Amino acid sequence: MKINDSTTESNIMEAAKRIFVLKGFEGARMQEIADEAGINKALLHYYFRSKDKLFEAVFIDAFVKFVPTILITLNSNSPLFRKIEVFVDHYIDVLSKNPFIPGFILHELGHNTERLSKIIRTVGLNPDLFVEQVKAEIEAGSINPIDPRDLLVNMLAMCIFPFVGKPILKVVLFKNNEEEYHEFLNRRKIAAAQFIINSIKKR
């Protein structure tokens, strides 16, 4: 196996993603990730010096793939309600494919907020145009008055909580049935967007 082989690095990150999804950051072990990737631990450490660095790389990879779509949506000329629908749909879809993201954010909030801020700045996430659009809709009387920051937080919270609360929700609401839980997530793309829109729509 060649050093600096991009395929090897990609395989490591995919293996790490699977282990992080199964065991979370704290429960994952570098040896497990090496075994999952089919390499030895020394080679794993050559690419990623520590579990911390590997986790950061996996998160950034997922986040970078997600952010451009969201930025295109938020900065487009689409109507506000359509933006909310697309945002919720894409966000839930990305979290379904990368369920470790909320766990990573919570871990970083408790251990390294500066690094999390740096990652967000690096990917260029900027909601200013969306904020201005919300303000314009309020001034035009098209939607109920709301702080655009509250709207954004509501959108994020409605999408994130089913993933953060999965261990409890799956037991209490879905009797540990993974298929029913995923069906719920697919339905939630529409339900959450409609709930958010109804909260600001003029009656």
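Readers should treat all values here as calculations from the given coordinates under stated rules, not as data from a laboratory. Just so you know, these numbers come straight off a predicted model, no measurement behind them. Heads up, the Cβs are rebuilt from the backbone with ideal geometry, glycines too, and the neighbour counts pull from every protein chain shown.
Quick notes on this structure:
- Mean Kyte hydropathy of -1.0 or more with a Cα span along the axis of at least 30 Å, helices from DSSP in the chain: 51-74, 178-200
- Computed from label points 7 Å out along Cα-Cβ, the spacing between residue 76 and residue 171 is 4.0 nm.
- Each of 57, 73, 34 was scored by the projection of its Cα onto the charge dipole of the chain, and the greatest displacement toward the positive side belongs to 73; charges sit on the C-beta of Lys, Arg, Asp and Glu.
- Gyration tensor over alpha-carbon atoms, the chain, equivalent ellipsoid semi-axes in Å: 35, 20, 14
- Total formal charge among the other residues, if their Cβ is under 14 angstrom from that of residue 148, Lys/Arg +1 and Asp/Glu -1: -3
- The packing ranking of peptides 35-43, 53-61, highest mean first, is 53-61, 35-43, where packing means the average number of other beta carbon atoms within 10 angstrom of each residue.
- Pairwise centroid distance, computed over Cα atoms, of the range 141-203 with the range 13-77, Å: 26 Å
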